[in-house]
Amino acid sequence: MSPYSVENYDLMVERLAETNNLGGAKEEVIKQFQLETMIRLLEEKPAGYDFVFSIRKEDGIRYKQVNVLWGGENHRMVCLVQADVTDMLTAERQTKKALEGALTVAEEANRAKSDFLSAMSHDIRTPMNAIMGMTALATAHLDDRERVSDCLRKISVSSKHLMSLINDILDMSKIERSKITLNRMKIFLPDLIEQMSAMMAPQAREASLRFEIEAKGVRHNYFYGDSLRISQILINLLSNAIKFTPEGGAVHCLVEELDPADDPLCARYRFTISDTGIGMSEELLTHIFEPFARSRNARYVEGTGLGLSITKGLVDLMKGEISVESRAYQGTTFRVELECEYLGAELDARTDAGEARPPASEHTEIFAGRCFLVAEDNAINSEILCELLQMYGAKAVVKTDGAQTVRAFQEAAPGAFDAILLDIQMPVMNGYEAARAIRGMKRADAGIVPIIAMTANAFAEDIQASIDAGMDAHVAKPIDLEVLNATFLRLLGKNRTAEQ
């Protein structure tokens, strides 16, 4: 292309400014095009430089980039090259906006992590301080039986609170990763209500609250669902109601049956938990189901701030609905609606007549005379477990690594051990390897002896890994005696039936 030639360069620059809509940057653009400006900048940057200006046109704003460089070695000519960079700048702006958005998300995540660690540091240290302090006091007053007993009771309460904090964190993680799966089991609603009352009534009495739980209009007492998760939902809501209701207040739980919304073979149950507590502001209500959302009025109440997030996640998992009504200092009402498959009216009729109520759990006599092979490399943990088993009349053979455990089972007579309790993280051979080795033995009891995993790894993938290795059950550490009892009763009960 031939160069564009004009006699008067300054006049051309003025016409450029007049014929193009340069907006408020007109004077700046004229200055950039002036020969004096270009020569001065080229002396500072002999390799050349560029600048960008915008022109407003009918189809929008267009961006022009001008590269300025010397046109010869003797520097007696200045060369200008113009290019339209609108599309390039638009792409850059979009990329920049995306990066800014990503940065904002990262900063929010970092703040959330910091808030989480700060909250956890406080909430975990509180019961830990109580446990350590009460242990020191009990040691200092060994001759005072009443004082030691009081310290042990407070240690037990603090331990359970610490365990609930850890469980909340694990549950929230599993819900966020969609790792929770629901069980399908037969549930007897009056039993569920009775269990809730038995668990929550003492807490309400201790807090000097009036507590009532009742059922109205229930036509189907039996239905299928996940009893553990439904109980968890109700316990979370009832525990909050009790925690955030001042002394002298009231907590009420109403269980009703509604008409099904979708499936006529399902029963729809509504659980309404109301209290006369401190209530919530309108601002908090909009964030109440988000992790760590807490009222300023509740800053002295211990907890992770995850309970309602977990509850919402479980209700959503069950395809149910949860709603809340509250006003500051005027109490709160939560409503949970779950639609579950029922077992049929004829079963409910027999139940009402007292013929079909689920059988009571077996007593702990099932442990008497049993012998357990225990694999545990921690001396304190094995001592606690052996003492617990001995309390129920059972014996324990303890091994400190997986290889010793496999050898002990191999050398024992068939049927010598009623169950095997395996720690996962052990030296020489871990629990998974030990379980596979035992299941692979060519002897009659190798395939049927109950093997229970005992581990601090409590995520869904850890439980699945235990099952894949041939184990029958998974009990998370620290060991909850009630969970361990229920597991033994289920597995040993099956074995007893098979033996008969």
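All of the numbers you see were taken from the coordinates with simple rules; none came from a lab. These numbers were taken from a predicted model, which means no experiment stands behind them. Note that we place each Cβ from the backbone using ideal geometry, even for glycine, and neighbour counts take in every protein chain shown.
Annotation: extensible slack from residue 285 through residue 199 equals 28.2 nm (criterion: 0.36 nm per residue apart, minus Cα-Cα distance). Using the Cβ-Cβ distance between residue 182 and residue 395 with R0 set to 35 Å, the FRET efficiency works out to roughly 0.40. Neighbours of residue 54 by Cβ distance under 9 Å: Lys/Arg scored +1, Asp/Glu scored -1, total +3.
The fewest-to-most ranking of 484, 41 by surrounding Cβ atoms within 10 Å reads 41, 484.
When peptides 310-320, 83-93, 414-424 are sorted by average Cβ neighbour count within 10 Å, with the highest value leading, the order is 414-424, 310-320, 83-93. Annotation: peptides 430-443, 6-19, 378-391, ranked by per-residue average of other Cβ atoms within 10 Å with the highest first, follow the order 430-443, 378-391, 6-19. Extension gain for residue 77-residue 207 works out to 37.7 nm (0.36 nm per residue, less the C-alpha to C-alpha distance).
For the stretch 364-499, a Kirkwood radius taken over Cα pairs fed into Stokes-Einstein (10 °C, viscosity 1.306 mPa s) yields D = 108 µm²/s.
Say R0 is 45 Å: what FRET efficiency, to the nearest 0.05, do residue 49 and residue 110 get from their beta-carbon distance? Computed FRET efficiency for residue 49 and residue 110: 0.70. Once a ≥ b ≥ c are taken as the square roots of the eigenvalues of the Cα gyration tensor of the stretch 185-352, is the result rounded (a/c under 1.5), prolate (a/b larger than b/c) or oblate (a/b not larger than b/c)? The shape class here is prolate. Between residue 224 and residue 149, the simple spin-label model (points 7 angstrom out along Cα→Cβ) gives 4.9 nm.
Looking at the stretch 39-76, the GluC sites (Glu not before Pro) that sit in a DSSP loop and have at most 10 other Cβ atoms within 10 Å of their own Cβ are 58, 73. If a/c stays under 1.5 just call it rounded; otherwise compare a/b with b/c (prolate if a/b is bigger, oblate if not). Do that for the stretch 52-100, with a ≥ b ≥ c from the square roots of the Cα gyration tensor eigenvalues. Oblate. Ranking of 208, 197, 2 by neighbouring Cβ atoms within 10 Å, starting from the fewest: 2, 208, 197. If you take the beta carbon distance between residue 27 and residue 59 as r and set R0 to 35 Å, what does 1/(1 + (r/R0)^6) give as a FRET efficiency, to the nearest 0.05? With a Förster radius of 35 Å, E is 0.85. Give me the Debye-computed log₁₀ of I(q)/I(0) at q = 0.18, 0.22, 0.27 Å⁻¹ for the stretch 9-84, equal point scatterers on Cα only, no solvent, two decimals. The computed values of log10 I(q)/I(0) come out as -0.74, -1.03, -1.36. Could you pull out the pairs from 154/399; 57/96; 154/216; 186/442 whose alpha carbons sit more than 31 Å apart here? Distance filter (> 31 Å) returns 154/399; 154/216; 186/442. Simple spin-label estimate for residue 462 and residue 231 gives 2.1 nm between the two label positions (7 Å along the Cα-to-Cβ direction from each Cα).
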